[in-house]
Amino acid sequence: MPSQDPANAPATAPDGAPPQAPALHSRSIPRDGHVISRKDISPNALRVLYRLRDAGFGAYLVGGAVRDLLVGGDPKDFDVATNATPEEVKSLFRNCRLIGRRFRLAHVVYGREIIEVATFRANSDDGSGDRQLHEDGRLLRDNVYGSIEDDAVRRDFTANALYYAIEDFSVRDYVGGFEDVQNRVLKLIGDPETRYREDPVRMLRAVRLAAKLGFRIDDATAAPLPVLAPLLREAAPARLFEECLKMFLSGHAVESFLGLERHGLLAVLLPETAAALKANRSGALRNMVLEGLRGTDARVAADEPVSPAFLFAVLLWPAYCRALMALQAQGVHPAEAQRRAADRVTVHQLETIALPRRFSLPMQEIWLLQARFAQRKRVGRLLAHPRFRAAYDFLVLRQAASAEHAEEVRFWREAQQSAGVAAGDMEGDGYDADPDAADGTDGADVPESTAPRRRRRRRRPGGNGGSGGSGGQPGAA
Ligand code: ATP
Ligand code: MG
């Protein structure tokens, strides 16, 4: 049965004036009209494209890779779209496995690089396919195959709906994405409100992609954000965690944070931090967060590891400080107040973002060690603490933002020097060594299409894709 969802309306209405579905103005930009060159495409992706083409199928590079190549970027992964079904793709490649239920995909595996091959999807459901819509408009299942035009209009932003055809090296555009990329504007395909209701995570993607690409968010795409922000609470917490890693550990954390603030999303994503920032009139806590995110961006730019534990220690520090103050004002003993504040903030945040225990535990340790720095007692034991390095980096960060802790920083820097702990010697500070690593929350319920890819980053040897990592933050020397 056709859905009531306007996004499922035929792309072009018979009268030629579709009210909400995007009008298709199909366009092919020939090789000499764009900058994408085969030498910038992963050789494995080219292999997949050629083999599909040779078997008589349509084969296209699609999505983020085409967009990134058009703006001169370095795509982090190469996705392929085709009219071959997943089973047909599997029959062409020995190194292929089929994955996903909600969204069935073929993965062609070359060592650490995975080329994701998706069959063209359609939005309209004539009952023969496998598509399911939740009553509030969210997409639950999405396995209706269709044409390349169908596939284009069900993508999120026009810039993400461009296809590089291996048959003639042209770029195919059905939604005006080519022009939008040239104009550096991020525009949702179709009616923005409907598209956000279908998948509220698109709100975060808008902010993240605008930050990453330096694009402006189109007015009509930006307008619903503050109004629909509460829908984010319905998104799967595990998926929001993955999206946070992409947002904050890919080198554009500061811009992403400012975008979340600007569009009213921060108050939903990190409610207690947003409340604490609002209450903190001096702005010191916000400075501290921004300073921490700046450091994270600098580390990513320098190809140094970054850790989710440290990131969330930064992002939730304002919430922790506020909870701590409230408990102390009630007369709770300081050590007990610290422990309770750390637990409370973590538990509350888990309602929105599924922060796995292997990150939340070290995050809490980073916080709890801050008080021990102030005491300056049992120096040797603290220096040997597996989380010392990250906690010390955190202290440096607090000092950079408020200059209040200069004495403490000096004390602990000298303590390290006299103990012979050179900066950098404690690189492996145990984030990855936590026995809790297999707590089952990480990645659960994350649709394959949006989970961070554990793929090789081209030209970034040693890059960890932002989900592991061990170091603290820069400036600790
Ligand atoms: P990144 O640079 O982070 O990889 P991306 O746009 O490639 O950005 P992916 O999550 O890799 O993001 O998704 C690949 C493509 O799949 C997108 O370019 C877009 O066409 C489509 N897509 C991803 N998420 C959604 C979504 N929530 N709704 C509609 N289309 C989506
Ligand atoms: Mg991608």
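The values are calculated or read from the model by the stated rules, or taken from the named source; none is laboratory data. Not measured: the values here are computed from a predicted model. Neighbour counts run over all protein chains shown; Cβ positions are idealised from the backbone, glycine included. These accessible areas exclude ligands, DNA and RNA; they are computed on the full protein's heavy atoms, side chains included. Shrake-Rupley method; radii C 1.70, N 1.55, O 1.52, S 1.80 Å.
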Legend entry - the range 252-286-the range 29-65 distance, computed between alpha-carbon centres (Å): 40
Inset, instruction - With a probe of 1.4 Å, find how much accessible area the range 27-199 has per residue, and write the answer as a whole number in Å². - result: 40
Legend entry - Projected-area average for the range 27-199 over all orientations - Cα convex hull basis, square nanometres: 10.1
Inset, instruction - From largest accessible area down, sort Lys39, Lys246; use a 1.4 Å probe on the protein chains. - result: Lys39, Lys246
Inset, instruction - On the protein heavy atoms, probe 1.4 angstrom, tell me the percent of accessible surface of the range 270-445 carried by carbon and sulfur. - result: 51
Inset, instruction - Scan around Leu186 for amide H atoms under 5 Å from its own, H built in the peptide plane at 1.01 Å from N, and keep only partners 5 or more places away or cross-chain. - result: Arg216, Ile217, Asp218
Inset, instruction - With θ set to phi - 60°, apply the Karplus curve 6.51 cos²θ - 1.76 cosθ + 1.60 along the range 54-71 and write out the HN-Hα couplings as whole Hz, x wherever there is a Gly or Pro. - result: 5, 8, x, 9, x, 9, 9, 7, 9, x, x, 5, 5, 4, 5, 5, 5, 9
Inset, instruction - Put one equal scatterer on each alpha carbon of the range 25-71, apply the Debye formula with no solvent term, and list log10 I(q)/I(0) at q = 0.22, 0.32 1/Å to two decimals. - result: -0.93, -1.23
Inset, instruction - For the range 27-199, build the charge dipole from Cβ charges (+1 Lys, Arg; -1 Asp, Glu) around the Cα centre, then report which of Tyr174, Gly111, Gly146 sits farthest towards its positive end. - result: Gly111
Legend entry - Accessible area, probe 1.4 Å, largest first, for residues Glu179, Glu242, Glu261: Glu179, Glu261, Glu242
Inset, instruction - Per residue of the range 308-325, in order, report the coupling 6.51 cos²θ - 1.76 cosθ + 1.60 (Karplus, θ = phi - 60°) as ³J(HN,Hα) in whole Hz, putting x for Gly and Pro. - result: x, 4, 5, 4, 6, 4, 5, 5, 9, 4, x, 5, 4, 4, 5, 5, 5, 4
Legend entry - Glu113 long-range amide H proximity, modeled H, under 5 Å: Arg456
Inset, instruction - Pop the C-beta distance of Glu179 and Arg53 into the FRET formula with R0 = 41 Å and round what comes out to the nearest 0.05. - result: 0.90
Legend entry - D_trans [Stokes-Einstein, Kirkwood Rh over alpha-carbon pairs] for the range 231-333, 4 °C, 1.567 mPa s, µm² s⁻¹: 90
Legend entry - Partners for Lys278 among lysines (Cα-Cα distance below 28 Å; same-chain residues under 8 apart left out): Lys212, Lys246
Inset, instruction - Please report, to one decimal in angstroms, the Kirkwood hydrodynamic radius of the range 270-445 built from all distinct Cα-Cα pairs. - result: 16.9
Legend entry - Per residue, the convex hull volume that the Cα atoms of the range 141-227 enclose (Å³): 107
Inset, instruction - Could you pull the accessible area for Glu255 with a 1.4 Å probe, rounded to 10 Å²? - result: 100
Inset, instruction - Taking amide H positions as placed in the peptide plane 1.01 Å from N, state which residues far from Gly146 in sequence (5 or more) or on other chains have amide H under 5 Å from it. - result: Phe120, Arg121, Ala122
